[in-house]
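One structure is given here, and the rest of the page talks about it.
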Amino acid sequence: MTKKFVCRNVFETDPETFWSKVFFDDEYNRGLYLKGLGFKSYEPIELKEEPDGTKRRRFRTEPQSDAPAVVKKLVGDSLSYVETGSFDPKTKVWTYKVETSKLGEKVRIGGRYWVEARGPKTLERCCEVEIAVDVFGVGGIVEGFIESTTRDSYEKATAYTNQFLRSKGYNA
């Protein structure tokens, strides 16, 4: 079974500033994962731009674990993941997939997101997320946990991002 959901969050900037000065910025991403989300680690692996303007990014990170017992039984006390994604400059859509350090092909997480202007210095980030956990008897529980933590992370990311935008003057 696959779980699909959409998250929408409002940022205090315009789409061009978000993509050109924030989303791929190392200072922003390091602060987002380590301070804003409270992750244990954040390690950039690759960031490159193709001749056609497509941007590709990979990073490894390890969130804090407050997983329910059934999830901890499957993955232990820690779980890192690698996010790999690409930004299409024509459609202005970020598409990504997440590879977890445990459970290999049994866990599939991915999605895409884009931003829509809501005013001169306001945008809405729209995220479509797909999660599939193929573990007999507990897959749905694990999918629910991943959805819950993803939604929570997006809310925390919104607060951090807006603070970052204000600190850089990108909201004015």
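Some observations on this one:
- Breaking point among (1) in contact with a strand residue (DSSP E or B) (Cβ under 6 Å, 6 or more places away or on another chain); (2) modelled with pLDDT of 90 or more, for Val142: (2)
- Residues considered: Phe5, Phe24. Of these, the only one that is part of a loop (DSSP other than H, G, I, E, B), under 17 Å from the mean Cα position of the chain (by Cα) and not polar (S, T, N, Q) is Phe24.
- Subset tally (residues that are surrounded by 15 or more Cβ atoms within 10 Å (Cβ to Cβ) and either at pLDDT below 95 or assigned to a loop (DSSP other than H, G, I, E, B) (or both)) for the stretch 29-61: 2
- Condition check for Gln64 on (1) under 21 Å from Ala157 (Cα atoms); (2) out of contact with any Gly (no Cβ under 7 Å at 6 or more places or on another chain): one failure, at (2).
- Which listed residue, of Asp14, Asp66, is over 28 Å from Glu143 (Cβ atoms) and among the acidic types (Asp, Glu): Asp14
- Subset of the stretch 1-28 (residues that are surrounded by fewer than 16 Cβ atoms within 10 Å (Cβ to Cβ) and either of a type in the set (Lys, Arg) or without any contact (Cβ under 8 Å) to a residue 12 or more places away in the chain (or both)): Lys4, Arg8, Glu16, Ser20, Lys21, Asp25, Glu27
- Any chance Ala67 is of a type in the set (Gly, Ala, Ser), touching a strand residue (DSSP E or B) at 6+ places or on another chain (Cβ under 8 Å) and either touching a residue at least 24 places away in the same chain (Cβ under 8 Å) or buried (at least 16 other Cβ atoms within 10 Å of the Cβ) (or both): no
- Residues located in the stretch 64-121, provided they are touching a Phe, Trp or Tyr at 6+ places or on another chain (Cβ under 8 Å), small (Gly, Ala, Ser) and more than 19 Å from Val135 (Cα to Cα): Gly85, Ser86, Gly111
The values are calculated or read from the model by the stated rules, or taken from the named source; none is laboratory data. All of these numbers come straight from a predicted model, not from anything done at the bench. Note: ideal-geometry Cβ built from the backbone for every residue, glycine included; neighbour counts use all protein chains shown.
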